[in-house]
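What follows is a short report on a single structure.
The values are calculated or read from the model by the stated rules, or taken from the named source; none is laboratory data. Bear in mind that the values here come from a model prediction, so they are computed numbers and not experimental data. Neighbour counts are summed over all protein chains in view; Cβ atoms, including those assigned to glycine, are modelled from backbone coordinates with ideal geometry.
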Amino acid sequence: MTMDDQHANNPVVFLNEINLLTEHHKAYCDLYSQYVRTLFGDRTATSLAETPYLPVRAFKNFVLKSVPDSEVVKIMTSSGTTGQVSRIYLDKETSHAQSRKLVEVFSIAFSKSRFPMLVIDAENTVADRRKFSARTAAINGFSMFSRGRDFALDDELSVDIDRVQAFVESNRDNRIFIFGFTSIVWLNFVQMLRRQNVRLDLSNGFLLHGGGWKKLADQKISDAMFKDEVREWTGCTDIRNYYGMVEQTGTIFMECEHGNMHAAPGSDALIRDTSSLDALPHGREGLIQVFSSIQKSYPGHSLLTEDVGFTLDGASCSCGNRNTIVKINGRLQKAEIRGCSDAYNS
């Protein structure tokens, strides 16, 4: 992957875009305005570190939108593994902006071509078009880059070997786009291939996977182990991870060929201390704060996640992408960002 200057973030321009979004959401979302004024005051940020941040958990507990109900065209929901789901309200402008950003990021990494797509999931996951879960949104979103897609799993999330083999044979001369959520790729695809002692030949494909690392971390499955197993049982050697969330759909951190996940154009990240919430320099571990300049229908432009990791200077990577690198180490245990509920209840 190469990254030329037109895709690199201009820090001054980007900060201005984030500041404008902060003012926009303060003007059109009363709850957000109350929160920001209570915790951060009214001063304009002179750096990303000074930018007001909204804990991602807020979208599970409150209705946060900056457009009237009449302009909402889609409500995205998170996977809700803890029983609560985030609800993200999209208008047409923001939905289109998210799609355009996803196209830009994918094209930088893999080209602007369309590929036969093998989805490591069940077809019924996307059967109900009224559902806009994170999983459904990811599959349908990345399907923009397909020219025909097939599904590797049956409705019970078991590998349909015959179906996959037929897909492989019919696309022997094509580059294949393989997509899935990390935990599903591992548990329901690769490990099932191992148990059945079936090796596939997907050496002409590239795998893009994201999310679901918590289940693998619980089993002490590292990124290196994941990639080794994928290579052994599928023959696929081009394996890319991405970091993203339903609260900032479209804006993802894509892994380059050197194994580093870089901020997309129009996005960035920094780290905050888990106790003081002070901004930390590159290399120090803490909570990840993510920024995106395209989230206009809801206050999702500056979010404090419950993920723990650290950042590196993008210029340290030889791939040519100078945007910030994010390394994910896991989740904050018993995650609860202090101050959020107090601000909303004050």
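Among the residues of segment 231-246, at least one is among the hydrophobic types (A, V, I, L, M, F, W, C), within 30 Å of Arg87 (Cα to Cα) and either without any contact (Cβ under 8 Å) to a residue 12 or more places away in the chain or part of a loop (DSSP other than H, G, I, E, B) (or both).
Determine, yes or no, whether Gly212 is within 21 Å of Ser78 (Cβ to Cβ) and either modelled with pLDDT under 95 or out of contact with any Cys (no Cβ under 8 Å at 6 or more places or on another chain) (or both). It is true that Gly212 is within 21 Å of Ser78 (Cβ to Cβ) and either modelled with pLDDT under 95 or out of contact with any Cys (no Cβ under 8 Å at 6 or more places or on another chain) (or both). Scanning segment 308-325 for residues that are in a strand (DSSP E or B) and crowded, with 22+ Cβ neighbours inside 10 Å gives Thr311, Ile325.
Out of Arg163, Arg199, Arg135, which single residue is surrounded by fewer than 14 Cβ atoms within 10 Å (Cβ to Cβ), assigned by TED's automatic domain parsing to the domain that holds Ala122 and either closer than 25 Å to Leu90 by Cβ or in contact with a Phe, Trp or Tyr (Cβ under 8 Å, 6 or more places away or on another chain) (or both)? Please lay out each step first, then the result.
Values: Arg163 fails: surrounded by fewer than 14 Cβ atoms within 10 Å (Cβ to Cβ); Arg135 fails: surrounded by fewer than 14 Cβ atoms within 10 Å (Cβ to Cβ).
Of the residues listed, the single one that is surrounded by fewer than 14 Cβ atoms within 10 Å (Cβ to Cβ), assigned by TED's automatic domain parsing to the domain that holds Ala122 and either closer than 25 Å to Leu90 by Cβ or in contact with a Phe, Trp or Tyr (Cβ under 8 Å, 6 or more places away or on another chain) (or both) is Arg199.
So is Glu104 closer than 24 Å to Gln295 by Cβ, of a type in the set (Asp, Glu) and part of a helix (DSSP H, G or I) or not? Taking the combined requirement at face value, the residue satisfies it.
Of all the listed residues (Ala8, Ala49, Ala58), the sole one being at pLDDT 95 or above and either over 29 Å from Lys215 (Cα atoms) or in the same structural domain as Asp154 (by TED's automatic domain parsing) (or both) is Ala49. Taking residues in segment 264-279 that are farther than 22 Å from Ile294 by Cβ, and partners anywhere that are β-branched (Val, Ile, Thr) and part of a loop (DSSP other than H, G, I, E, B), the pairs with Cβ atoms closer than 9 Å and at least 6 places apart or on different chains are Leu277/Ile337.
Do we have any residue at all in segment 252-267 that's touching a strand residue (DSSP E or B) at 6+ places or on another chain (Cβ under 9 Å), more than 20 Å from Ala8 (Cβ to Cβ) and not in a loop (DSSP other than H, G, I, E, B)? Scanning segment 252-267 turns up no residue that is touching a strand residue (DSSP E or B) at 6+ places or on another chain (Cβ under 9 Å), more than 20 Å from Ala8 (Cβ to Cβ) and not in a loop (DSSP other than H, G, I, E, B). Of all residues in segment 58-89, those satisfying the criterion of being crowded, with 20+ Cβ neighbours inside 10 Å and over 14 Å from Cys29 (Cβ atoms) are Met76, Ser78, Ser86.
Whenever a residue of segment 303-319 is without any contact (Cβ under 8 Å) to a residue 24 or more places away in the chain, its partners that are surrounded by fewer than 20 Cβ atoms within 10 Å (Cβ to Cβ), lying with C-beta atoms within less than 7 angstrom and at least six residues away or across chains, give the pairs Ala315/Arg322.
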